[in-house]
1. Can you name the condition, by its number, that residue 88 falls short on among (1) buried (at least 18 other Cβ atoms within 10 Å of the Cβ); (2) under 15 Å from residue 157 (Cα atoms); (3) touching a residue at least 60 places away in the same chain (Cβ under 8 Å)?
2. Restricting the search to the stretch 193-211, which residues are more than 14 Å from residue 145 (Cβ to Cβ) and within 22 Å of the chain's Cα centre (by Cα)?
3. Those residues that are without any contact (Cβ under 8 Å) to a residue 40 or more places away in the chain and outside any loop (DSSP other than H, G, I, E, B), I need them from the stretch 144-169; list them, please.
4. Has the stretch 239-248 got at least one residue that is under 19 Å from residue 317 (Cα atoms), within 20 Å of the chain's Cα centre (by Cα), surrounded by 24 or more Cβ atoms within 10 Å (Cβ to Cβ) and in contact (Cβ under 8 Å) with a residue 40 or more places away in the chain?
5. Report those helices (runs of 4 or more DSSP H) wholly inside the stretch 252-317 carrying at least 3 residues which are more than 19 Å from residue 123 (Cα to Cα), more than 15 Å from the chain's Cα centre (by Cα) and free of Cβ contacts under 8 Å to residues at least 60 places away in the same chain.
6. Which ones in the stretch 264-279 are over 21 Å from residue 135 (Cα atoms) and either in contact with a helix residue (DSSP H, G or I) (Cβ under 9 Å, 6 or more places away or on another chain) or surrounded by 15 or more Cβ atoms within 10 Å (Cβ to Cβ) (or both)?
7. Does any residue of the stretch 6-29 turn out to be in a loop (DSSP other than H, G, I, E, B), closer than 19 Å to residue 204 by Cβ and at pLDDT below 95?
8. Look at residue 141 and say whether it is free of Cβ contacts under 8 Å to residues at least 60 places away in the same chain and in contact with a strand residue (DSSP E or B) (Cβ under 9 Å, 6 or more places away or on another chain).
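The values are calculated or read from the model by the stated rules, or taken from the named source; none is laboratory data. Keep in mind that this is a model prediction, so the values were computed, not measured. As a convention, Cβ positions derive from the backbone with ideal geometry for all residues, glycine included, and neighbour counts pool all protein chains shown.
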């Protein structure tokens, strides 16, 4: 069994900041906008090096989306930055009308997604954003798993023509993907080979899936772990190839089970290969205040919950 280790933990939002900084040095059309959260989005170095290519919009997120859409008309590639809740729920009308409907080349970059925002509580912990964004025609939806992958994705989306939603987070998480990786939009990554169950995970749950696979191996269960960093377009072939071998699947995400990765996988299976599926996700609920670790445990978004769901999925084969 292939195992993954790490020597450092780092927040994925810092990967975004590093990627944006590199883009500032290599792509003169990249500009950045922020809604009064420069430090939280790690935009400081980009601003220091490119002050004329940064726009501080203030706490006016709807205006930020409209300005970003306008900048694309002049050939600019705008990257907007604020919390995931304010990047989607607060400005959905502006995104739908001004960006998605006309296919504007805006990169909506959203930090502090999911429960791991932590102590700020339910009003800031959006668990519906993937569903909101994947339903918009033409919108690419990406949810990265660690610092290196977030940096690579940030750089890659600048070359993609069209609107993108890039989702990342606040807590320090293990860095386990290659520093020199090439990020391919819509291409899943198989992390471990397995024969008994498929585990597809996204974002912070990818590391938890790898930890679960080790615990399952000790129980004599061979798990195939796939990193679904791009939820739309979904790599359906990778999923179908895997379940044709394993016969059951568990999806894992830091998001409501309604509208997230799990439902996209369910649609794929229903159309092409009906397969027993279990969900690791929040169960149609809002979050609450607490440390990221406390919340992930309470809401069942960890390796132990994945192991439990794997056992349930295997019984249904």
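1. So residue 88 meets the others, but not (2).
2. Hit for the stretch 193-211 is 198, nothing else.
3. Taking the stretch 144-169 first, the residues without any contact (Cβ under 8 Å) to a residue 40 or more places away in the chain are 156, 159-160.
156, the sole residue that qualifies.
4. Within the stretch 239-248, the subset under 19 Å from residue 317 (Cα atoms) is 239-248.
So of that shortlist, the ones also within 20 Å of the chain's Cα centre (by Cα) come out as 239.
Still in the running and surrounded by 24 or more Cβ atoms within 10 Å (Cβ to Cβ): 239.
Those left that are additionally in contact (Cβ under 8 Å) with a residue 40 or more places away in the chain: 239.
There is at least one residue in the stretch 239-248 that is under 19 Å from residue 317 (Cα atoms), within 20 Å of the chain's Cα centre (by Cα), surrounded by 24 or more Cβ atoms within 10 Å (Cβ to Cβ) and in contact (Cβ under 8 Å) with a residue 40 or more places away in the chain.
5. Result: 261-272, 303-315.
6. Listed by number, the residues that qualify are 273, 275, 276, 277, 278.
7. yes
8. no
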